[in-house]
Amino acid sequence: MQTILGAGGDAGTEITRELSNHTKDIRVVSRNPKKVNETDQLLKADLTDPKQLDKAVEGSEIVYVTIAFPYSIKVWRELWPKLMRNLIETCSNHKSKIVFVDNMYMYDPKYLSDMTEETPINPVSKKGKVRAEVAGMLMDAVEKNKVEAIIARAPDFYGPGVIGSMLYQTVYLKLLKDKNPQWLGKPDVIHSFIYSRDIGKSVTLLGNTKDAYNQVWHLPTTDQKLTNRQWIELMLNAMNKQRKIQTMPDWMINVLGIFVPIMKELQDVGYQFKQDYFFNSNKFNKRFNLTPITPKEGIRETVDFKG
């Protein structure tokens, strides 16, 4: 049995789909679980409840953690540490391995131009401090031999049906309405994005590789160092549009944050879009034979997706 906690989100759906290449014994857990593969077993659960979490994990060889709590620092501070404590305890009791799908918010901003698994942990954002805390809890449990675990980190992602991406929200949707695309940071700094289906392939590969455990892995991301502007231009070309790229100054984001809460929350990690941000996945590339999709192909598949 391999179980996806928080299934139904962008990463969880792709992981569930790809797991069918490794096992047919798949348990899909969320508040409103839906089948991705015909043989998926559905379990409805509130994973913040320790008893329901225990039931979700019971009998699982591997547990994939793809939970996406609301993008609010108040919610993150309250729920993430509590969930990680309960998860470690439950998986330890059931002898279940953990694959935790993580981001890179905890990294020191001074080193974002070439992030590796060895990049110093020194978060400056509130959300980054929460992520550093829960990742530290998990690796501490690994060192104490309480659980076997993998931390699988990814940068911002995009792909078919991924509606939470900035590329989707501020570029694709604007172009659909024949409006100018907007960007919240600097257009001419490097920014890495990972294709959602590459997340599914690589996370399930890691989970089913015995010697991959008790380590941090960067998931396979293109080594092309494209700027934000170049990503937007790829989407313009794929949609056969010619529009001017608009950038939003900080004062405008501050004003919008009054009316659109997500804008206020994004400011916490806004530094990532104002400097070079390159996600290095050489460790994964050297270990596994999985070539990530090219940005041009990824954007084309994203634009052509019909749901």
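Neighbours of residue 146 by Cβ distance under 10 Å: Lys/Arg scored +1, Asp/Glu scored -1, total -3. Within the accessible surface of the chain, defined with a 1.4 Å probe on protein heavy atoms only, the carbon and sulfur portion equals 48 percent. Helix 196-207 axis versus longest C-alpha principal axis of the chain: approximately 30°, rounded to the nearest ten. Taking a straight Cα-Cα cut-off under 26 Å and skipping sequence neighbours fewer than 8 places away in the same chain, the lysines within cross-link reach of residue 296 are 174, 177, 179, 186, 201, 225, 241, 244, 274, 283, 286, 306. Rounded to the nearest 20, the size of the Cβ-charge dipole of the chain about its Cα centre is 620 debye, with Lys and Arg at +1 and Asp and Glu at -1. Solvent-accessible surface of the chain, taken per residue with a 1.4 Å probe and all protein chains present: 47 Å². Rounded to the nearest 10 degrees, the inclination of helix 126-143 to the longest alpha-carbon principal axis of the chain is 30 degrees.
In a reduced charge model with +1 at each Lys and Arg Cβ and -1 at each Asp and Glu Cβ, the range 20-110 shows a dipole moment near 180 debye about its Cα centre.
Is there a quick way to get the dipole size of the range 60-119? I mean about its Cα centre, with the Cβ of Lys and Arg at +1 and of Asp and Glu at -1; what is the value in debye to the nearest 20?
On the way: 7 positive and 8 negative charges, 73 e Å.
Magnitude of the dipole: close to 360 debye.
Computed from Cα atoms, the angle from the helix 228-238 axis to the main principal axis of the chain rounds to 80 degrees.
With a 10 Å radius around each residue's Cβ, average the other Cβ atoms per peptide and rank 34-43, 55-64, highest first.
Values: 34-43: 14.1, 55-64: 20.8.
So the order, starting with the most tightly packed, is 55-64, 34-43.
Simple rule: put +1 on each Lys or Arg Cβ and -1 on each Asp or Glu Cβ in the chain, find the dipole, and look at 33, 203, 135; the Cα lying farthest toward the positive end is 33. Database remark: amide H of residue 192 closer than 5 angstrom to the amide H of 277, 279 (H placed geometrically; neighbours at sequence offset of 5 or more, or on other chains; Pro and chain starts carry no H). Note on the chain: Rg/Rh from C-alpha atoms, Kirkwood Rh, equals 0.95.
Here the chain carries DSSP beta bridges of which approximately 5% are antiparallel, counting only pairs with both residues inside. Projecting the Cα atoms of 170, 57, 145 onto the charge dipole of the range 31-170 (Cβ charges, centred on the Cα centre) puts 170 farthest toward the positive pole. Distance between the pseudo-spin-label points of residue 37 and residue 173 (7 Å out from Cα toward the beta carbon): 3.3 nm.
The values are calculated or read from the model by the stated rules, or taken from the named source; none is laboratory data. If you're wondering where the values come from, they're calculated on a predicted model, not measured in any experiment. Positions of Cβ are backbone-derived with ideal geometry, glycine not excepted, and every protein chain shown enters the neighbour counts. Please note that ligands, DNA and RNA were not included when accessible areas were found on the heavy atoms of the full protein model with its side chains. Shrake-Rupley method; radii C 1.70, N 1.55, O 1.52, S 1.80 Å.
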